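Take a look at the structure set out below.
The values are calculated or read from the model by the stated rules, or taken from the named source; none is laboratory data. On a predicted model such as this, the values are computed, not experimentally measured, just so you know. Neighbour counts are summed over all protein chains in view; Cβ atoms, including those assigned to glycine, are modelled from backbone coordinates with ideal geometry. Keep in mind that these areas ignore ligands, DNA and RNA; they rest on the heavy atoms of the full protein, side chains included. Shrake-Rupley method; radii C 1.70, N 1.55, O 1.52, S 1.80 Å.
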Amino acid sequence: MLDPQRSFVEPLLDWHEENGRHRLPWREPSRSGFEILIAEILLQRTTAASVAGAYLPIVARYQSPETVVAASPETIERRIAPLGLAKRAEFIRRSSQQLLARHSGDIPHRYADLLELHGVGAYTARSVLIHAFDEDIAAVDTNVRRLVSRFFDISPDSGALTYLADALVPSQRGSEFQHAMLDFAADVCTARTPQCETCPFGEHCRSSGRAV
Ligand code: SF4
């Protein structure tokens, strides 16, 4: 196998340049840290396609923790209701209160501080660091775990997988790389019908042709 940069990272970024979901509204470079946090909370256990339709009206109405806290809980719930999982309205409201009380309304840059926010677990905290602060780390969800474990033929339950994903991130391209892994896992290296025959990794993937 070639080195991981040439066999995995570069083909993945090339694929993403042509095929990535670049138009998703929360991926616009001008998004604030708060808007990124809102997106990551809404995306929990929900597809990007579902969130895409609801996101813009929500961030247009709630551009800051102050605007969230000033609104009634019922109003926020009503706006998020089409996505289901109403508890996310509570996550957004309570995390906004915490941001105002502890961080002057700013998004904290420290992982530990992010984890203390309501509704923020390891994946969401890492995603915020990647997309709001350009950190060169990876956020590993089910899809990223599947892709990396298949390519390198390691157990998806391996504790080393997050370390491996972190080590793959190309310098100063963390956000792009994260989006590439998510999009590729959703469109090519899918759970049930991976497209190994046309996969750009070809024979470099250790699970090619036998992933399911
Ligand atoms: S060759 Fe198949 S299993 Fe490997 S990354 Fe590509 S689609 Fe996934």
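Comparing 159, 117, 147 along the charge dipole axis of the stretch 105-173, the residue lying farthest to the positive side is 147, per the Cβ-charge model. Share of carbon and sulfur in the accessible area of the stretch 25-133 stands at 52%, probe radius 1.4 Å. Taking every C-alpha pair closer than 8 Å and separated by at least 6 residues, the mean separation divided by the residue count of the stretch 25-133 gives a relative contact order of 31 percent. For residue 87 and residue 47, FRET efficiency with R0 = 22 Å and r from the beta-carbon atoms, rounded to 0.05? Given R0 = 22 Å and the Cβ-Cβ separation, E is 0.80. Computed with a 1.4 Å probe over protein heavy atoms only, the accessible surface of the stretch 25-133 comes to 47 Å² per residue.
Note on the stretch 25-133: with charges restricted to the Cβ of Lys and Arg (+1) and Asp and Glu (-1), its dipole about the Cα centre is near 200 debye.
Magnitude of the charge dipole for the chain, about its Cα centre and with charges confined to Cβ atoms of Lys, Arg (+1) and Asp, Glu (-1), is about 740 debye. Angle of helix 33-42 to the longest C-alpha principal axis of the chain, folded into 0 to 90 degrees and rounded to 10: 70°. The angle between the Cα long axis of helix 48-61 and the main principal axis of the chain comes to about 30°, on a 0 to 90 degree scale. In terms of accessible area, using a 1.4 Å probe and ignoring ligands and nucleic acids, 24, 99 rank largest first as 24, 99. Computed extension gain for residue 56 through residue 111, at 0.36 nm per residue and net of the alpha carbon distance, reaches 17.1 nm. Packing, as the average of other Cβ atoms within 10 Å across residues, places the peptides 190-202, 109-121, 33-45, 169-181 in the order 33-45, 169-181, 109-121, 190-202, highest first. Mind pulling the angle between the C-alpha long axis of helix 142-152 and the longest principal axis of the chain? Nearest 10 degrees, somewhere in 0 to 90. With both axes taken from Cα atoms, the answer is about 20 degrees.
You can think of it this way: the chain between residue 28 and residue 172 has 50.1 nm of extra reach, that is 0.36 nm per residue less the Cα-Cα gap.
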